[in-house]
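Here's the structure, in structure tokens; my notes come after.
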Amino acid sequence: MAATNPHYDYLIVGSGLFGAVFAYEATRAGKKCLVIDKRNHLGGNVYCENIADINVHVYGPHIFHTNSKRIWDYVNQFTTFNRFTNSPLANYYGELFNLPINMNTFYQFWKITSPTEARQKISDQISKLPFKKAGNLQEQALLMVGPEIYEKLIRHYTEKQWGRDATRLPASIIKRLPVRYNYDNCYFDDTYQGVPVGGYNKLVAKLLAGIDFKTGVDFNTNRYELTALAKKVIYTGAIDAYFDHSHGHLEYRSLQFKTEVLDMENFQGNAVVNYCDPKSKFTRIVEHKHFEFGRQSKTVITREYPVMADKNVEPYYPINDDRNNAILKKYQTMAAQNHNVVFGGRLAEYKYYDMHQVIASALKVCNRELYTAFEVEV
Ligand code: FAD
Ligand code: UDP
């Protein structure tokens, strides 16, 4: 329950893109906001740290991509984006392949050069499969690219990433991976793509300019006092934590990032190299300078090791299986009865959002809360 005469209109819990966009719009609409974050910095998962003069994407590589001109114009009013597009490579026991799977990949596998040959090769392999419809990720992947590519590029990466057998994962996850019959190595199809020149902190600093904030403050350990500071709360933390896990914990996959500064100009010649064999325990190596075409004398790389989230490990990827979705429903019912709190963002909605989607979702809430004129498709 909010206090009778609180100092702020909104207490915004979490300074990630959802919280920062809401704070910006609310301030513009004449509302007084306080943003808090339990981390010791602002920006949530898009936060960058400057190491050896390189903007390091501390919480994993972040490439902005959208088909919405409106969202692209929205972020470009705060900072300039460069022309970076993601073209990852896949390393399988030292052999390199282009991703996403495309004609370059088919050439590397089979030395074939035409889309007709590639389609024929894959349909020959698929015709030998004992099923025609996919009931899980493994079957879906086999129906998309056949067993040879599945084995080298998908199976082990997926099982490392998700920590379970590919037959125990939903087919929907692998549908995110593009398969193309042209020579386009660009991972995302979207019209607008890039990375902010100078890193994402510039974007967040502009969104939060002049707005009161406190870092190193965990809402859930001091909920009553903090709630009393504002008429309403925008909560972007984990929904199960808000309700003291009363219906159980929602599960997340997480990552441990191991970052090194190397005394060389260029380690791998590309921003992202996925490691698709079972021997490498990490799933990818990110070389951060390539996001901004850096020429610094040193380089910074990060290996990503997938793990389950727990109270000491940050939650990243919601695991939307039947168990977790059933628990989520119970929390959503509780949240709907809580009229002084708006739950938004990837943790409060337990939903995998890309950046453009979380911004669109925040603008929709602004539309509802602040009566501004945004109409943005999520
Ligand atoms: P967050 O950024 O997580 O912000 C939530 C904030 O709330 C955090 O700072 C957290 O500390 C704070 N918080 C939580 N609980 C509390 C509490 N109790 N008290 C106080 N503060 C609290 N998207 C793309 O578009 N392109 C990409 O290439 C891309 N790559 C990604 C790679 C990885 C490894 C991950 C995990 C995500 C990636 N994303 C990418 C998604 C992107 O990170 C999200 O869309 C975006 O960060 C979501 O913003 P948010 O505000 O909802 O959440
Ligand atoms: N994937 C894979 N090999 C790769 C890259 C991706 O098998 O080299 C699979 C993996 O299961 C992953 C899914 O494709 O979860 C979707 O890929 P995306 O790039 O969306 O990965 P995520 O965002 O889940 O890391």
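The values are calculated or read from the model by the stated rules, or taken from the named source; none is laboratory data. These numbers were taken from a predicted model, which means no experiment stands behind them. Every residue, glycine as well, gets a Cβ built from its backbone with ideal geometry; the counts of neighbours run over all protein chains shown. These accessible areas exclude ligands, DNA and RNA; they are computed on the full protein's heavy atoms, side chains included. Shrake-Rupley method; radii C 1.70, N 1.55, O 1.52, S 1.80 Å.
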Seminar exercise, completed: Residues in region 255-274 that are of a type outside the set (S, T, N, Q), surrounded by fewer than 16 Cβ atoms within 10 Å (Cβ to Cβ) and within 16 Å of ligand 1 (Cβ to nearest atom) total 1
Problem set entry | The lone exception for residue 172 - which of (1) of a type in the set (S, T, N, Q); (2) in a helix (DSSP H, G or I); (3) at pLDDT 95 or above it fails | (3)
Problem set entry | Enumeration of residues in region 18-45 that are β-branched (Val, Ile, Thr) and either open to solvent by 10 Å² or more (accessible area, probe 1.4 Å) or not in a helix (DSSP H, G or I) (or both) | 27, 35, 36
For this session: Scan region 329-372 for residues that are touching a Ser or Thr at 6+ places or on another chain (Cβ under 9 Å) and of a type in the set (Lys, Arg) and jot them down.
Result: 330, 346, 351
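To keep it simple, each residue is scored yes or no on (1) touching an Asp or Glu at 6+ places or on another chain (Cβ under 7 Å); (2) within 16 Å of ligand 1 (Cβ to nearest atom).
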| site | (1), (2) |
| --- | --- |
| 102 | yes, no |
| 105 | no, no |
| 119 | no, no |
| 122 | no, no |
| 135 | no, no |
| 143 | no, no |
| 152 | no, no |
| 155 | no, no |
| 158 | no, yes |
Seminar exercise, completed: The residue from 181, 157 that alone is more than 19 Å from the chain's Cα centre (by Cα), closer than 29 Å to residue 65 by Cα and among the hydroxyl-bearing types (Ser, Thr, Tyr) is 181
Exercise. So which pairs qualify, if the first residue must be in region 28-45 and within 16 Å of ligand 2 (Cβ to nearest atom), the second must be part of a loop (DSSP other than H, G, I, E, B) and open to solvent by 30 Å² or more (accessible area, probe 1.4 Å), the Cβ gap must be under 8 Å, and the two must be at least 6 apart or on different chains?
Worked result: 45/59; 45/62
Exercise. Just checking, which of 289, 329, 298 is open to solvent by less than 40 Å² (accessible area, probe 1.4 Å), of a type outside the set (A, V, I, L, M, F, W, C) and more than 15 Å from ligand 1 (Cβ to nearest atom)?
Worked result: 289
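Only strands (runs of 3 or more DSSP E) wholly contained in region 47-97 count here; list those with 3 or more residues that are within 16 Å of ligand 2 (Cβ to nearest atom). It would help to see each step written out before you state the result.
Numbers: elements: 48-51, 54-57, 64-66, 89-92.
Output list reads 64-66, 89-92.
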Problem set entry | Top-ranked residue of region 171-181 - restricted to ones that are away from ligand 1 (no atom under 16 Å from the Cβ) and open to solvent by 70 Å² or more (accessible area, probe 1.4 Å), ranked as nearest to residue 104 (Cα to Cα) | 175
Problem set entry | Residue, nearest to residue 238 (Cα to Cα), within region 342-362, restricted to residues that are open to solvent by less than 20 Å² (accessible area, probe 1.4 Å) and more than 16 Å from ligand 2 (Cβ to nearest atom) | 348
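Here is a list: 66, 85, 167. Which entry is open to solvent by 40 Å² or more (accessible area, probe 1.4 Å), within 16 Å of ligand 1 (Cβ to nearest atom) and of a type in the set (Val, Ile, Thr)? Steps first, answer last, please.
Numbers: 66 fails: open to solvent by 40 Å² or more (accessible area, probe 1.4 Å); 167 fails: within 16 Å of ligand 1 (Cβ to nearest atom).
Checking each option against the conditions leaves just 85.
Might you check whether a residue that is touching a Lys or Arg at 6+ places or on another chain (Cβ under 7 Å) and either within 26 Å of residue 352 (Cα to Cα) or open to solvent by 40 Å² or more (accessible area, probe 1.4 Å) (or both) occurs anywhere in region 228-247? Don't jump to the end; show me each part of the working.
In the first step, residues of region 228-247 are kept if they are touching a Lys or Arg at 6+ places or on another chain (Cβ under 7 Å); the result is 247.
With either within 26 Å of residue 352 (Cα to Cα) or open to solvent by 40 Å² or more (accessible area, probe 1.4 Å) (or both) added as a condition, the list becomes 247.
Yes, region 228-247 contains a residue that is touching a Lys or Arg at 6+ places or on another chain (Cβ under 7 Å) and either within 26 Å of residue 352 (Cα to Cα) or open to solvent by 40 Å² or more (accessible area, probe 1.4 Å) (or both).
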Seminar exercise, completed: Heads up, the strands (runs of 3 or more DSSP E) in region 238-335 (entirely inside) with at least 2 residues that are more than 16 Å from ligand 2 (Cβ to nearest atom) and either more than 22 Å from the chain's Cα centre (by Cα) or in contact (Cβ under 8 Å) with a residue 60 or more places away in the chain (or both) are 252-262, 299-308
Exercise. Only one of these conditions is not met by residue 147: (1) farther than 28 Å from residue 256 by Cβ; (2) in a loop (DSSP other than H, G, I, E, B). Which number is it?
Worked result: (2)
Seminar exercise, completed: residue 130 fails exactly one of (1) in a helix (DSSP H, G or I); (2) open to solvent by 10 Å² or more (accessible area, probe 1.4 Å), namely (1)
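What number of residues within region 98-115 satisfy the criterion of being within 15 Å of ligand 2 (Cβ to nearest atom), outside any loop (DSSP other than H, G, I, E, B) and touching a residue at least 24 places away in the same chain (Cβ under 8 Å)? Let's see the steps before the verdict.
Of the residues in region 98-115, the ones within 15 Å of ligand 2 (Cβ to nearest atom) are 98-102, 104-105, 108-109.
Those still in the list that are outside any loop (DSSP other than H, G, I, E, B) too: 98, 101, 104-105, 108-109.
Filter once more, so that each one left must be touching a residue at least 24 places away in the same chain (Cβ under 8 Å): 98, 101, 104-105, 109.
Selection size over region 98-115: 5.
Which ones in region 76-86 are of a type in the set (Ser, Thr, Tyr) and over 13 Å from residue 62 (Cα atoms)? Before the answer, list the steps.
Residues of region 76-86 of a type in the set (Ser, Thr, Tyr): 79-80, 85.
Correct list: 79, 80.
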